[in-house]
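Bear in mind these aren't lab numbers, they're just calculated from the coordinates by the rules spelled out. These numbers come from a predicted model, not from an experiment. We place every Cβ from the backbone using ideal geometry, glycine too, and count neighbours over all the protein chains shown.
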Amino acid sequence: MKVLIATCESAPFVKVGGLGDVCGALPAALRSTGVDARVILPLYSCISEEWRKKMTFVTSFEVNNSWRRQYCGIYECIVDGVPYYLVDNLQYFDRPSVYGEADNAERFAYFCRAVMTAMKEIDFIPDILHCNDWHTAFLPVLQHVEYAHIPAYQNIKTVYSIHNIEFQGQFDPYILGDVFGLGEEHKSLLLYDGALNLTKGAIECANYVTTVSETYATEILDPAFGYRLENILREKQFKLCGIVNGIDVNRFDPATDPDISTNYSFKTRQHKVHCKRALQKELGLPENAAIPVIGMVTRLTPQKGLDLVRARADRFLQGEVQLVILGTGYPEYENFFRDLQNRYPDKVRVQIAFSAVMAQHIYAGADLFLMPSKFEPCGLAQMIAMRYGTIPVVHAVGGLRDTVIPYRADEGTGNGINFQSYNADDMLDAIYRALSLYHDKVHWRKIKANAMSGDYSWEKSAARYKELYEKL
Ligand code: NHF
């Protein structure tokens, strides 16, 4: 079975968020189940020279992006046995950033049209075209409207994965012809709430729609989580399902991680404390193994529950505790955390940065990992934290509900602490419960062992994707 995964980001080339991690790990897991999975993404100028050197030029051709005739070059790079194809066009991808460009509609309309043409040019017409988030949402529409009648393409089935429904790709309706090259007769496929909505179009046209956890697949049917797409999703529920993400367990392994000061495994997990001391030292916090360290590695955006932290930080920082935060995002949160550090110089450290190395220091060095997200389609950080023996404290939504099992002292089961409703006092209560567990040696040892021995690999999820592809 041939599967082409289209994405706007993928590790190791370019990674802004979780989507990049997924596309960097799922394809290899699919290949080990016997699926010929390959990936296609834009060749951004921010992709490092080191990776560019490993790419080989495959071919070039012209793409009709509505009335525009555009160059398209295809480069190939094999990573862990997975062929990655990179789409070269300087006008669209020679930019400092991946997202947030004014001509995003035209850039990604081009990318989708380039993908459709490339399949033939590189001689890889897939059985399944697996699209991810709104940047590739035009692909199921194109397949449905323009390609389903072309013999070489007619058997392609499309899967559309929603990684975060907040971002839908909404544009002014007047660009339907000019940018998307579609006639008025197709307007109803994309039109929603007075705008052209690419995600809506993909939900209409894809053969299957998936989200990245089972709970999120039901949550988005509700106005509280659906970002106004709940009604159309309910209508199409017969082709909607959730498959939880995994993590790259080879890359995120405390036994071999080259970025942490001391490696440790399940058997030698008592050595984790060296990573904690190293973290305290690196950040200039009091070096004391007895003080619990709460870590956060997160985008500083409203989704991530930072309003709750802002509302109760002064309360939980009264106790003996240290708080370490790494991330960038909205200035209001960045400033809040900077101010918090100024007010609690012995307890709080904030790094307003994107640093993969520092992230590993926190995963390994912290005792608790706080993730009070308002919504979380899957979330990968809580799984990485658990693999490093760092206990997650989470709001029980989306993938956080599916992967973090509340600890039960009577049974000794569970791998984390959660709270049910999105409010500051519930979060505070969960932090207090986590801190008292930390001070109870027997239970703390048990919960850590449970967290570290969990299976967070892609294996099971890749098998579920394969099943879905086969069904199609
Ligand atoms: O893990 C990858 C990621 C998810 O919850 C995450 C999110 C975006 O918000 O599927 O996509």
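Using a Förster radius of 30 Å, what is the FRET efficiency between Phe238 and Ala353 based on their Cβ-Cβ separation? Nearest 0.05, please. Write out the running numbers ahead of the final one.
Numbers: r = 45 Å, r/R0 = 1.48.
Result of the calculation: an efficiency of 0.10.
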> Using the Kirkwood radius built from alpha carbon pairs, what does the Stokes-Einstein equation give as D for the stretch 410-457 at 4 °C and 1.567 mPa s, in µm² per second?
Replying inline: 110 µm²/s
> Under a Cβ-Cβ cut-off of 13 Å, what is the net charge of the residues other than Cys112 that fall near it, where Lys and Arg count +1 and Asp and Glu count -1?
Replying inline: -1
>> How much length would be gained if the chain were fully extended between Asp425 and Asp410, taking 0.36 nm per residue of separation minus their Cα-Cα distance, in nm to one decimal?
In response: 2.9 nm
> How much mean residue ellipticity at 222 nm does the chain get from its helices, if each DSSP H run of length 4 or more adds -39500 (n - 2.57) and you divide by all residues, to the nearest 500 deg cm²/dmol?
Replying inline: -10500 deg cm²/dmol
> Name the residues of the stretch 351-370 whose amide N is less than 19 Å from a point 7 angstrom out from the Cα of Lys281 along the C-beta direction?
Replying inline: 357-367
> Going 7 Å from the Cα of Thr328 toward and past its Cβ, which residues in the stretch 31-63 have a backbone nitrogen under 16 Å from where you end up?
Replying inline: 45-48
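If R₀ is 25 angstrom, what is the calculated FRET efficiency for the pair Asp259 and Ala289, using the beta carbon separation as r and rounding to 0.05? Please list the in-between numbers first.
On the way: r = 21 Å, r/R0 = 0.83.
Taking R0 as 25 Å, the efficiency between Asp259 and Ala289 is 0.75.
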> Once the other residues with Cβ under 12 Å from the Cβ of Ala381 are scored (Lys, Arg +1; Asp, Glu -1), what is the net sum?
Replying inline: +1
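Given the chain, what percent of its DSSP beta bridges are antiparallel, to the nearest 5? Write out the running numbers ahead of the final one.
On the way: 22 of 67 bridges.
That works out to approximately 35 percent antiparallel.
Which links in Lys267/Lys374; Lys276/Lys466; Lys304/Lys446; Lys15/Lys441; Lys15/Lys187 stretch past 31 Å when you go from one Cα to the other?
Numbers: Lys267/Lys374 35 Å; Lys276/Lys466 40 Å; Lys304/Lys446 28 Å; Lys15/Lys441 39 Å; Lys15/Lys187 33 Å.
Result: Lys267/Lys374; Lys276/Lys466; Lys15/Lys441; Lys15/Lys187 exceed 31 Å.
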>> For the stretch 97-242, take N as its residue count and report Rg(C-alpha) divided by 2.2 N^0.38 Å.
In response: 1.01
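Neighbouring Cβ atoms within 10 Å as the yardstick, rank Cys275, Cys205 fewest first. Don't skip to the end; give the middle numbers.
Values: Cys275 26, Cys205 22.
Result, fewest neighbours first: Cys205, Cys275.
Can you tell me how the stretch 223-277 classifies by the Cα gyration tensor, rounded, prolate or oblate, using a/c under 1.5 as the rounded cut? Don't skip to the answer; put the middle values down first.
Numbers: a/c = 4.75, a/b = 3.28, b/c = 1.45.
Because a/c hits 1.5 or more and a/b exceeds b/c, the stretch 223-277 counts as prolate.
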>> Based only on other Cβ atoms within 10 Å, what is the fewest-to-most ordering of His439, His144?
In response: His439, His144
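Once you sort the root eigenvalues of the Cα gyration tensor of the stretch 1-120 as a ≥ b ≥ c, which label holds: rounded (a/c under 1.5), prolate (a/b larger than b/c) or oblate (the other case)?
Details: a/c = 1.64, a/b = 1.36, b/c = 1.20.
Note, shape of the stretch 1-120 comes out prolate.
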>> Once you place label points 7 Å from the Cα toward the Cβ at Glu76 and Phe266, how far apart are they in nm?
In response: 3.9 nm
> Which percent of the Cα-Cα distances in the stretch 363-472 go past 25 Å?
Replying inline: 22 percent
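Going by how many other Cβ atoms sit within 10 Å of their own, how do Val404, Val63, Val293 line up, fewest first?
Values: Val404 28, Val63 21, Val293 25.
Ranked by crowding around the Cβ, least crowded first: Val63, Val293, Val404.
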> Which of rounded, prolate, oblate describes the stretch 358-424, given a ≥ b ≥ c as roots of the alpha-carbon gyration tensor eigenvalues and a/c under 1.5 marking rounded, otherwise prolate only if a/b is larger than b/c?
Replying inline: oblate
> So for the pair Arg251, Asp178, with labels modelled 7 Å out along Cα→Cβ, what separation do we get in nm?
Replying inline: 3.9 nm
>> Tell me which DSSP H helices of the chain clear both cut-offs, 15 Å or more of axial length from alpha-carbon atoms and a mean Kyte-Doolittle hydropathy of at least -1.0.
In response: 18-31, 104-121, 272-283, 424-438, 441-452
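Set the Förster distance to 30 Å, then compute FRET efficiency between Gln303 and Lys441 from the Cβ-Cβ distance, nearest 0.05. List each step's numbers first, then the result.
On the way: r = 36 Å, r/R0 = 1.19.
In this case the efficiency is close to 0.25.
How long is the gain from Arg464 to Gln341 if the chain were fully straight, where each residue apart is worth 0.36 nm and the alpha carbon distance is subtracted?
Details: separation 123, 0.36 × 123 = 44.28 nm, distance 4.44 nm.
Extra length from Arg464 to Gln341 when fully extended: 39.8 nm.
Taking 0.36 nm per intervening residue step and subtracting the Cα-Cα distance, what contour gain separates Lys187 from Asp455 on full extension? Don't skip to the end; give the middle numbers.
Working: separation 268, 0.36 × 268 = 96.48 nm, distance 4.50 nm.
So the chain would gain 92.0 nm between Lys187 and Asp455.
How charged is the neighbourhood of Asn231? Take every other residue with its Cβ under 14 Å from the Cβ of Asn231, and add Lys/Arg as +1 and Asp/Glu as -1.
-1
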> Between Glu121 and Glu166, what is the spin-label point distance in nm, taking each point 7 Å from the Cα along the Cα→C-beta axis?
Replying inline: 3.6 nm
> Rounded to the nearest 20 Debye, what is the dipole magnitude of the chain about its Cα centre when Lys and Arg each give +1 and Asp and Glu each give -1 at the C-beta?
Replying inline: 1200 debye
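Can you give the Rg to Rh ratio of the chain, both from alpha-carbon atoms, with Rh computed by the Kirkwood formula? Walk me through the intermediate numbers first.
Details: Rg = 22.9 Å, Rh = 23.3 Å.
Expressed as Rg/Rh, it is 0.98.
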